Structure formats: C-alpha cells, structure tokens
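As structure tokens, the structure follows; a few thoughts come after it.
The values are calculated or read from the model by the stated rules, or taken from the named source; none is laboratory data. Since this is a predicted model, take the numbers as computed values, not measurements. For neighbour counting, all protein chains shown are included, and Cβ atoms are generated from backbone atoms with ideal geometry for every residue, glycine included. Surface areas here come from the heavy atoms of the whole protein model, side chains and all, with no ligands, DNA or RNA. Shrake-Rupley method; radii C 1.70, N 1.55, O 1.52, S 1.80 Å.
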Amino acid sequence: MRLISIDAVKEGMLLGRTIWNEAGHPLLKKDVVINARIIQRLQQLNTHYVYINDEISEGIEVKETVPTVIRNKAISTIKESFQSINGLNSVNASYVLDKQSKAIISIVDELLSAISSNDEILTILTDAYLFDEYLYQHSFQVTLYSIAIAKELGYSAEDLRLIGIGALLHDVGKLMVPIEILTKPGQLTNEEFETMKQHTRYGFDLLRNLHSISLLVAHCAFQHHERIDGSGYPRGLVDFEIHPFAKIIGVADVFDAVTTSRVYREKMLPSQGLAIVEAGSGTIYDARIVQALKKSVVHYPNGVILKLSDGSRGIVSRQNTSYAALPWIRIFEKQNQVLAATYEINLVDYPSVTIESVEADYIP
C-alpha cells in the first residue's frame, strides 16, 4: 500500500484503503479501480492523499492505532453531544452537556484503552475519513494526540483521563461562533478573527458550570491558545501561568490543524507538521511537550516514498517504535535506476544517510 498525492493519481490505479464517509459507511471500497469520475469526486471532497496498491508497495500495511469502529463511535458521540447544545445559551448548554458527560467520558476511556494497549507509534489516517464538519474530526484527533503526548510524559491514568476530556471539549466554544466565520474559506478579517478568538472564553463559560466534569477541563478550553512567550490569547498568559494540560492540548491542536485537510489550505504530511511545531519549541510551545509529540506520532507514514541523501529512493515499510523519525525503508531505486530486486534498511543503522524529501507525487 502506497500513499500518493491526489495530483499523481491516474486512471487504472487500485485504491489501497477504503474511504469512509461521515456516517461510517464506505464511500469508496478498497481495490476499486480508480477512474476519472472517482478522481474528480475525491478532488471535490478536498482529498489530498489516497492509498493505492501497486508493485513497489506490495505487502506494506497501514494500520490506524484506533480501530475504525471505535473512531466512528467516538465521532458520532462528539457530534451528538455538540449538536445537542448548538444554538443554546451558555447556561442551558451547560445543563444539556452535563447530561452528555457520561457518554463523553466513556469515549475518552475507550480511546485511552486503545492507545494504552498499543505500543506502536500513534498513527491517524485523516484522509481515510471524509467529514463535512471539521470540528468533530478535529476534536477526536486532538484527543488522541493529547493522550499520546501525556502518556509519553508519564502522566497518571487519572490525569490522562482529564487531559482526554479537556482535549475532546477544547473547541466546544466554537459552537457559539457564527457559522459563516467558522466555515469561511479565505482569511478572516481582523474583526472576524477577534470574534473567533472568543471561542476560548465561550468554552470556559460553558464548561465551568458542569457538575460532572472537573473545572480543569474548562481551563483547557480557556487556555489552549495561550503561548509560553505571552503571544497567545485570550489573556496573553506566559509559561508558568498556563496549565500544563492546556499546553499539551495547544500543541496537539496546532499539529492536527496543519495535518488535516481544510477548504482554505492543503494539509501537510506529519513530518511537515512536526517541523512547524518544532520551529516554535521553547519559544511559543513547551519544549518537553514538543519532544513528546515527536516521540509519540508517526513522522513518515507507512507507504510514503522518501528520497534519501545517498541517491536512493524507498518506501516506508514499517516503523521504529523507539525512533519515530527513523523508519524502515524498502529501497527500490538507486541513482534514478529501478532495482531488479528491492531490499530493506533500518535508517537507525545508517546514521550518515538522511531523508532529503517526501515524494508523494512520485510515479515509478
């Protein structure tokens, strides 16, 4: 199975992985032969990458950390909970959300179980699922990233649960932001951005009135856009003033935002997203949290083609649990010559060889 840019997809290729719609039903099934109509449809759905099956990727598997059935259940619960309070004022919304808290906590417990029982590096396949409402998918994925970071940092089971709940509800205040601002395809005006920034305060006001969930969850919503140098919002807090849980969720939030497809911006691959986050390490993001993210998530997904500094090309065949940035590579080309037989290398064993580029648009 190989990850390929939608711009490089050709008619006659075989789809390598089922693509699911928001209802949890298969939109396109694995092994379907791709035609012009399918390519056009995927482009309309803002899909930037798909998995295909071909000769050089034969036998390479791509497995998401959280099974599809749990993902669909989680996002369905998030959607149901959020829609139940949409349009209500803060007091009424808090009352309704309190009733939804058991379902929310149950979902977080399931996600905790899925991540805790899996020693592999966290893999989230954002392009395998197509959702009309970005907020639900984003809330789910930020929860996974936040739990993975906190687990790497050694937080207790109780704290992991609170961080998970805080991450799942971190953007709930966006339900009180005008829909035309939330879904605007272009850049927000200064006035619109000021309105958007209010979602942190809206979320805090809603969540602090819950009786069934810790007040810390409200502070996660309030502070996840604060930055350690004081450049964040809504209050311009600095390092020691920001709750550690909110710092974790803030990093997870940024990473997911840049690695997920949006109407107004093409998604980045994980390695690109990590570079964006790392550029702010120690200045706007807590350096320990950035390092924990780098250790916790896949940098180069299985099935992506890499060009190496020694002139070879290869496809990521499996991950190194202890070295997330250095996967196993199946070499299939040397100096632009396709090899008669492929072979695998572990990049950990080749310290002089570096990754020059990701080539998702490469056609052998």
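Carbon and sulfur together cover what percent of the accessible area of the chain at a 1.4 Å probe radius? Could you put the intermediate results ahead of the total?
Numbers: 8120 of 16270 Å².
Its accessible area is 50 percent carbon and sulfur atoms.
Of 363, 242, which has the most accessible area with a 1.4 Å probe, and how do the rest follow in descending order? List each step's numbers first, then the result.
Values: 363 80, 242 10 Å².
Result, largest first: 363, 242.
From the square roots a ≥ b ≥ c of the eigenvalues of the alpha-carbon gyration tensor of the stretch 235-307, which class results: rounded (a/c under 1.5), prolate (a/b over b/c), or oblate? Here the stretch 235-307 falls in the prolate category. A simple charge model with +1 on the Cβ of Lys and Arg, -1 on the Cβ of Asp and Glu and nothing else charged puts the dipole of the stretch 1-159 at about 480 debye relative to its Cα centre. Net charge dipole, the stretch 221-364: roughly 200 debye, given to the nearest 20, about the Cα centre with Cβ charges of +1 for Lys and Arg and -1 for Asp and Glu.
In what sequence, largest accessible area first, do 211, 170, 219 appear using a 1.4 Å probe? Before the final figure, lay out the partial values.
On the way: 211 170, 170 0, 219 55 Å².
Ranked from most to least accessible, the order is 211, 219, 170.
In the full protein context, the chain carries 45 Å² of accessible surface per residue, based on a 1.4 Å probe and ignoring ligands, DNA and RNA. Basic side chains Lys and Arg get +1 at the Cβ, acidic Asp and Glu get -1 at the Cβ, and with that the dipole of the stretch 297-345 about its Cα centre reaches some 60 debye. Only one residue of 337, 358, 324 has its Cα farthest out toward the positive end of the dipole of the stretch 315-364, where Lys and Arg carry +1 and Asp and Glu -1 on Cβ, and that residue is 324.
When only Cα pairs below 8 angstrom with a gap of at least 6 residues are kept, the chain shows a relative contact order of 16 percent.
Using only Cα coordinates, the Kirkwood hydrodynamic radius of the stretch 149-284 works out to 15.7 Å.
For the stretch 178-313, how many pairs of lysine residues have a Cα-Cα distance under 20 Å, where the two are 8 or more positions apart or belong to different chains?
Values: 184/197; 184/267; 197/247; 247/294; 247/295; 267/294.
Lysine pairs meeting the criterion: 6.
How large is the Kirkwood hydrodynamic radius of the stretch 148-196, in angstrom, based on all distinct alpha carbon pairs? About 13.1 Å, per the Kirkwood formula over Cα pairs. Within the assembled protein chains, the solvent-accessible surface assigned to residue 29 is about 130 Å², based on a 1.4 Å probe.
Ordering 349, 253, 310, 286 from largest to smallest accessible area (1.4 angstrom probe), what's the sequence? Working shown, then result.
Details: 349 105, 253 10, 310 60, 286 35 Å².
The ordering from most to least exposed comes out as 349, 310, 286, 253.
Using a ≥ b ≥ c from the Cα gyration tensor of the stretch 189-245 (square roots of the eigenvalues), is it rounded, prolate or oblate, where a/c under 1.5 gives rounded and otherwise the larger of a/b and b/c decides, a/b for prolate? Oblate, because a/c is 1.5 or more while a/b does not exceed b/c.
If you take the C-alpha gyration tensor of the chain, multiply each eigenvalue by 5 and take the square root, what semi-axes do you get, largest first, in whole Å? Kindly include the intermediate steps, with their values, before the conclusion.
Numbers: eigenvalues 260, 106, 70 Å².
Working through the eigenvalues yields semi-axes of 36, 23, 19 Å.
Using the Kirkwood formula over every pair of different C-alpha atoms, what hydrodynamic radius in Å results for the stretch 87-209?
Numbers: mean 1/r = 0.0627 Å⁻¹.
Taking the inverse mean of 1/r over all distinct Cα pairs, the stretch 87-209 comes out at 15.9 Å.
Compared with the dominant principal axis of the Cα atoms in the chain, helix 157-168 is inclined by about 90°. Of the options 27, 236, 255, report the single residue whose Cα projects farthest towards the positive end of the charge dipole of the chain (beta-carbon charges: Lys, Arg +1; Asp, Glu -1). Selected residue: 27. Computed from the Cα positions only, the extents of the stretch 1-109 along the three principal axes stand at 56, 28, 19 Å, in decreasing order. Among the lysines of the stretch 1-125, pairs that are 8 or more positions apart or on different chains and have alpha carbons within less than 19 Å of each other number 9.
Less than 5 angstrom separates the built amide H of residue 356 from those of 307, 308, 309, all sequence-distant by 5 or more or on a different chain.
When DSSP beta bridges are restricted to pairs lying wholly in the stretch 1-152, around 90% turn out antiparallel. Note that the stretch 313-364 shows a convex hull volume over its alpha carbon atoms of 88 Å³ per residue.
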